[in-house]
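**Q** Handing you this structure, nothing more for now.
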Ligand code: ADP
Ligand code: ADP
């Protein structure tokens, strides 16, 4: 089964008002296990909206979201939240790490919230930091790390609870080209080593070319 499937997703903001906008108009996509897929779209095309709907943070006006073949559309809010926490990791343009905690703690905390004990949580956090090449930054707070190190920490945090789907909204959008490259390489390493599937919105065509596939979001549909 596909890790993620979107079928006929429609989304309208400000319905009925003069400011109404139809952002998604029957968007379909599917993501197989272990696949890294780029989503390219101009600003305002609806990337964030699509990622929020795929990530169960927002609901569509029509269409279905399936995770691992299971239809999420009909679930209660509580079950959708549970599914999101168990199966999906998010990365954004800005890292949103907790400033008062170290890199390691930032990756441990979501696991504790999920009922994992501290020992195993710390072990996984170290393994993730190692995979992205910043094990030596484990005890640093975000403010003591470079932008690329912060973003790699955010990637690790997104994968703390071992989701099978990563949704990334311009994860390198705030970084210089060289740092983008490092963060992207770390992301691809996580994908390849963990069997993760990733849907990555980016403006960077060079990075997109290094993924398995590129989708374009245009006129509210995925091409
Ligand atoms: P992108 O991520 O591709 O830049 P978004 O999904 O953020 O696009 O937004 C797509 C369009 O929908 C934009 O015109 C944006 O202004 C509008 N939009 C996004 N979120 C909302 C919202 N909560 N309420 C009203 N309009 C919104
Ligand atoms: P990004 O730059 O990461 O795509 P945005 O600035 O588009 O983020 O959106 C940030 C948040 O604000 C999102 O949750 C989005 O739904 C909301 N948003 C975006 N555009 C509008 C809008 N025109 N009206 C209300 N909310 C919006």
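The values are calculated or read from the model by the stated rules, or taken from the named source; none is laboratory data. What you see is a predicted model, and the numbers here were worked out from it, not measured in a lab. Positions of Cβ are generated from backbone atoms using ideal geometry, with glycine treated the same way; all protein chains shown enter the neighbour counts.
**Q** Does the stretch 73-92 hold any residues that are under 29 Å from residue 153 (Cα atoms), in contact (Cβ under 8 Å) with a residue 12 or more places away in the chain and either away from ligand 2 (no atom under 16 Å from the Cβ) or in contact with a strand residue (DSSP E or B) (Cβ under 6 Å, 6 or more places away or on another chain) (or both), and which are they?
**A** Selection gives 80, 81, 83, 85, 86, 87, 88, 89, 90, 91, 92.
**Q** Right, something else. If we keep just the residues of the stretch 200-212 that are in contact with a helix residue (DSSP H, G or I) (Cβ under 7 Å, 6 or more places away or on another chain) and in contact (Cβ under 8 Å) with a residue 40 or more places away in the chain, which is nearest to residue 31 (Cα to Cα)?
**A** 201
**Q** Is there a residue in the stretch 13-24 that is farther than 27 Å from residue 135 by Cβ, more than 16 Å from ligand 2 (Cβ to nearest atom), exposed (fewer than 15 other Cβ atoms within 10 Å of the Cβ) and free of Cβ contacts under 8 Å to residues at least 60 places away in the same chain?
**A** Pass one, the stretch 13-24, residues farther than 27 Å from residue 135 by Cβ: 13-24.
Narrowing further to those that are more than 16 Å from ligand 2 (Cβ to nearest atom): none.
Checked the stretch 13-24: no residue is farther than 27 Å from residue 135 by Cβ, more than 16 Å from ligand 2 (Cβ to nearest atom), exposed (fewer than 15 other Cβ atoms within 10 Å of the Cβ) and free of Cβ contacts under 8 Å to residues at least 60 places away in the same chain.
**Q** Another one. Looking at 186, 162, can you tell me which residue is touching a helix residue (DSSP H, G or I) at 6+ places or on another chain (Cβ under 9 Å) and either within 26 Å of residue 46 (Cβ to Cβ) or assigned to a loop (DSSP other than H, G, I, E, B) (or both)?
**A** On the way: 186 fails: either within 26 Å of residue 46 (Cβ to Cβ) or assigned to a loop (DSSP other than H, G, I, E, B) (or both).
Sole residue among the options that is touching a helix residue (DSSP H, G or I) at 6+ places or on another chain (Cβ under 9 Å) and either within 26 Å of residue 46 (Cβ to Cβ) or assigned to a loop (DSSP other than H, G, I, E, B) (or both): 162.
**Q** Between a first residue in the stretch 41-53 that is at positive phi and a second residue that is more than 6 Å from ligand 1 (Cβ to nearest atom) and not in a loop (DSSP other than H, G, I, E, B), which pairs have beta carbons less than 9 Å apart while being 6 or more apart in sequence or on different chains?
**A** Every condition considered, the pairs that remain are 46/11; 46/24; 46/27; 46/217.
**Q** Considering 133, 173, which residue is under 30 Å from residue 12 (Cβ atoms) and either over 18 Å from the mean Cα position of the chain (by Cα) or not in a strand (DSSP E or B) (or both)?
**A** Values: 133 fails: under 30 Å from residue 12 (Cβ atoms).
Of the residues listed, the single one that is under 30 Å from residue 12 (Cβ atoms) and either over 18 Å from the mean Cα position of the chain (by Cα) or not in a strand (DSSP E or B) (or both) is 173.
**Q** Give just the number: which of (1) near ligand 1 (Cβ under 8 Å from one of its atoms); (2) at pLDDT below 95 does residue 76 not satisfy?
**A** The one condition residue 76 does not meet is (1).
**Q** Do you know which residues across the stretch 172-199 are touching a residue at least 40 places away in the same chain (Cβ under 8 Å) and farther than 25 Å from residue 126 by Cβ?
**A** Selection gives 173, 174, 199.
**Q** Taking only the stretch 40-54 into account, find how many residues are at pLDDT below 95 and more than 6 Å from ligand 1 (Cβ to nearest atom).
**A** 1
**Q** Identify all residues within the stretch 25-40 that are at positive phi and either in a strand (DSSP E or B) or within 16 Å of ligand 2 (Cβ to nearest atom) (or both); write none if there are none. Please lay out each step first, then the result.
**A** Narrowing the stretch 25-40 to residues at positive phi: 26, 34.
Matches in the stretch 25-40: 26 only.
**Q** I need the full set of residues from the stretch 1-12 which are crowded, with 17+ Cβ neighbours inside 10 Å and part of a loop (DSSP other than H, G, I, E, B), in order please.
**A** Listed by number, the list holds a single entry, 3.
**Q** Let me spell it out: the conditions are (1) under 18 Å from the mean Cα position of the chain (by Cα); (2) assigned to a helix (DSSP H, G or I), and residue 58 meets all of them except one. Which number is the exception?
**A** Result: residue 58 fails condition (2) only.
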